[in-house]
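Engineer: So that we are looking at the same thing, I have put the structure below in structure tokens.
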Amino acid sequence: MDIGAQGDLIMNSDSENLTAPDVQTLESRARQIRRLVVQMNAAARSSHVGSALSIVDLLVVLYFRILRFDLENPRAGDRDRFILSKGHGCTALYATLAERGFFSKDILDTYYQDGGLLAGHADNHNVPGIEVATGSLGHGLSIGVGMALAGKHDQKNYRVFVLLGDGECDEGSVWEATMSASHFKLDNLITIVDFNKLQAMGRVEEVMNLEPFAEKWCSFGWSVREIDGHDFRQIEDALTKVPFESAKPSLILAHTVKGKGVSYMEDQLSWHYKSPNERELALALEELEL
Ligand SMILES: Cc1ncc(C[n+]2csc(CCOP(=O)(O)OP(=O)(O)O)c2C)c(N)n1
């Protein structure tokens, strides 16, 4: 659907690249990662389990199908960059990185522990695969713009992917970065918004209405696609077609469900802060049985 001169809103279509067995493999990886997420959040008694469960399917497609990296040399100059701007959802990223082989799964047990490697928000210190420390919302996209600009300047082929929360888009700095990205024609920059319609203290539409959200990104000069952020075919299709247009940054507006995969957490605000107790953990693991 063309919405005017500033940008195009392209409706999603299904990927022909993914076979049924591919989808099954991705589903079981996502299930395993969700199991690790609930276990980590429960063991640490930490917040943000719903925020992490919301992005697992996006991370699985990114790390198992899309991103170009070298596990032997995770800092290789030509690697694709991924920034989890909503750094509070870090258990999903840590679990995905471990599952993908960036580091041993034993390290997940150190999450949020004194002296442990994995901090309560995404931390790049000594953690292979994490580009930048995030958690103070509203900064990831600006960092991504800098990386993408550097890539253009250095004539490198890497892409930069940034994952934002919808509530995070209340931050003015997000829109400054959005404006810069189109000004500098950063078609090597791809932003995914985890549009789960909840933030810390309420529903997005009640706290700060973002609509018309897709059109806002278009009017800032981005090329936009809307997808179901839990449908592997749609995720893969969008991510393999970036940049959607040359000389424009790409935005994937991914409709998701906070707490996805654990029925009693789905779309429930309370699971922004709560962590599962023993009984709740057992229930979650039962639902996520492999
Ligand atoms: C600058 C800043 N302000 C406030 C917070 C506290 N905080 C952590 S998560 C969160 C809500 C984020 O909502 P959203 O981006 O929608 O992510 P979700 O958890 O819903 O996936 C807030 C306000 C923060 N981390 N950084």
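The values are calculated or read from the model by the stated rules, or taken from the named source; none is laboratory data. Because the structure is predicted, anything quoted here is derived from the model rather than measured. Because the Cβ atoms are built from the backbone with ideal geometry, glycine has one as well, and the counts that use them run over all protein chains shown. Ligands, DNA and RNA are excluded from the accessible area calculation, which covers all protein heavy atoms including side chains. Shrake-Rupley method; radii C 1.70, N 1.55, O 1.52, S 1.80 Å.
Here is a yes/no grid of residues against (1) within 16 Å of the ligand (Cβ to nearest atom); (2) at pLDDT 95 or above; (3) under 20 Å from Thr256 (Cα atoms); (4) surrounded by 20 or more Cβ atoms within 10 Å (Cβ to Cβ):
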{"site": "Glu16", "(1), (2), (3), (4)": "no, no, no, no"}
{"site": "Arg65", "(1), (2), (3), (4)": "no, yes, yes, no"}
{"site": "Ser85", "(1), (2), (3), (4)": "yes, yes, yes, yes"}
{"site": "Leu93", "(1), (2), (3), (4)": "yes, yes, yes, yes"}
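Engineer: Could you check, for segment 267-290, whether at least one of its residues is at pLDDT 95 or above, open to solvent by 60 Å² or more (accessible area, probe 1.4 Å), of a type in the set (Gly, Ala, Ser) and farther than 30 Å from Ser180 by Cβ?
Structural biologist: no
Engineer: Taking the criterion of being under 24 Å from Pro249 (Cβ atoms), touching an Asp or Glu at 6+ places or on another chain (Cβ under 7 Å) and more than 16 Å from the ligand (Cβ to nearest atom), would at least one residue in segment 118-126 satisfy it?
Structural biologist: Within segment 118-126, one or more residues are under 24 Å from Pro249 (Cβ atoms), touching an Asp or Glu at 6+ places or on another chain (Cβ under 7 Å) and more than 16 Å from the ligand (Cβ to nearest atom).
Engineer: So in segment 29-43, with the set limited to residues that are small (Gly, Ala, Ser) and open to solvent by 10 Å² or more (accessible area, probe 1.4 Å), which one is nearest to Gly116 (Cα to Cα)?
Structural biologist: Going residue by residue through segment 29-43, those that are small (Gly, Ala, Ser) are 30, 42-43.
Now drop any that are not open to solvent by 10 Å² or more (accessible area, probe 1.4 Å), which leaves 42-43.
Numbers: Ala42: 16, Ala43: 13 Å.
Once the filter is applied, the top-ranked residue is Ala43.
Engineer: Something else now. Out of Ser46, Ser104, which single residue is of a type in the set (S, T, N, Q), open to solvent by 10 Å² or more (accessible area, probe 1.4 Å) and modelled with pLDDT of 95 or more?
Structural biologist: Working: Ser46 fails: open to solvent by 10 Å² or more (accessible area, probe 1.4 Å).
Exactly one of Ser46, Ser104 is of a type in the set (S, T, N, Q), open to solvent by 10 Å² or more (accessible area, probe 1.4 Å) and modelled with pLDDT of 95 or more, namely Ser104.
Engineer: Ok, one more. Please indicate, with yes or no, whether at least one residue in segment 27-34 is more than 12 Å from the chain's Cα centre (by Cα), among the hydrophobic types (A, V, I, L, M, F, W, C) and either in a loop (DSSP other than H, G, I, E, B) or farther than 25 Å from Asp228 by Cα (or both).
Structural biologist: no
Engineer: Moving on to the next point. Within segment 101-117, identify whether any single residue is within 16 Å of the ligand (Cβ to nearest atom) and part of a loop (DSSP other than H, G, I, E, B), and answer yes or no. Even if it seems obvious, please write down each step before you answer.
Structural biologist: At the first step, the residues of segment 101-117 found to be within 16 Å of the ligand (Cβ to nearest atom) are 112.
Now restrict to residues that are part of a loop (DSSP other than H, G, I, E, B): 112.
So far as segment 101-117 goes, yes, one or more of its residues are within 16 Å of the ligand (Cβ to nearest atom) and part of a loop (DSSP other than H, G, I, E, B).
Engineer: Pick out the one residue from Ala52, Ala98, Ala43 that is part of a helix (DSSP H, G or I), without any contact (Cβ under 8 Å) to a residue 60 or more places away in the chain and small (Gly, Ala, Ser).
Structural biologist: Just one listed residue meets the conditions, Ala52.
Engineer: Is at least one residue of segment 59-76 touching a residue at least 24 places away in the same chain (Cβ under 8 Å) and of a type in the set (Asp, Glu)?
Structural biologist: no
Engineer: Right, next: Of the residues Ser173, Ser136, Ser142, which single one is within 11 Å of the ligand (Cβ to nearest atom), at pLDDT 95 or above and within 17 Å of the chain's Cα centre (by Cα)?
Structural biologist: Details: Ser173 fails: within 17 Å of the chain's Cα centre (by Cα); Ser142 fails: within 11 Å of the ligand (Cβ to nearest atom).
Criteria check complete, one pass: Ser136.
Engineer: Okay, moving on. Determine if segment 215-225 includes at least one residue that is within 30 Å of Glu287 (Cβ to Cβ) and more than 17 Å from the chain's Cα centre (by Cα).
Structural biologist: Looking for residues that are within 30 Å of Glu287 (Cβ to Cβ) and more than 17 Å from the chain's Cα centre (by Cα), one finds none in segment 215-225, hence no.
Yes or no, residue by residue, for (1) within 19 Å of Ser219 (Cβ to Cβ); (2) part of a helix (DSSP H, G or I); (3) in contact with a strand residue (DSSP E or B) (Cβ under 7 Å, 6 or more places away or on another chain); (4) open to solvent by less than 20 Å² (accessible area, probe 1.4 Å):
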site	(1), (2), (3), (4)
Val145	yes, yes, yes, yes
Leu149	no, yes, no, no
Tyr158	no, no, yes, yes
Leu163	no, no, yes, yes
Val174	yes, yes, yes, yes
Met179	yes, yes, no, no
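Engineer: Looking at (1) more than 16 Å from Leu239 (Cβ to Cβ); (2) open to solvent by 20 Å² or more (accessible area, probe 1.4 Å); (3) not β-branched (Val, Ile, Thr), which is the one condition that is false for Phe69?
Structural biologist: (1)
Engineer: So Lys152 ticks every box in (1) within 16 Å of the ligand (Cβ to nearest atom); (2) free of Cβ contacts under 8 Å to residues at least 60 places away in the same chain but one. Which box is left unticked?
Structural biologist: Failing condition for Lys152: (1).
Engineer: Return yes when Ser246 is open to solvent by 10 Å² or more (accessible area, probe 1.4 Å) and under 24 Å from Phe184 (Cα atoms) and no when it is not.
Structural biologist: yes
Engineer: In the list Val207, Val224, which residue meets the criterion of being aliphatic (A, V, I, L, M) and open to solvent by less than 60 Å² (accessible area, probe 1.4 Å)?
Structural biologist: Numbers: Val207 fails: open to solvent by less than 60 Å² (accessible area, probe 1.4 Å).
None of the other options fit; the residue is Val224.
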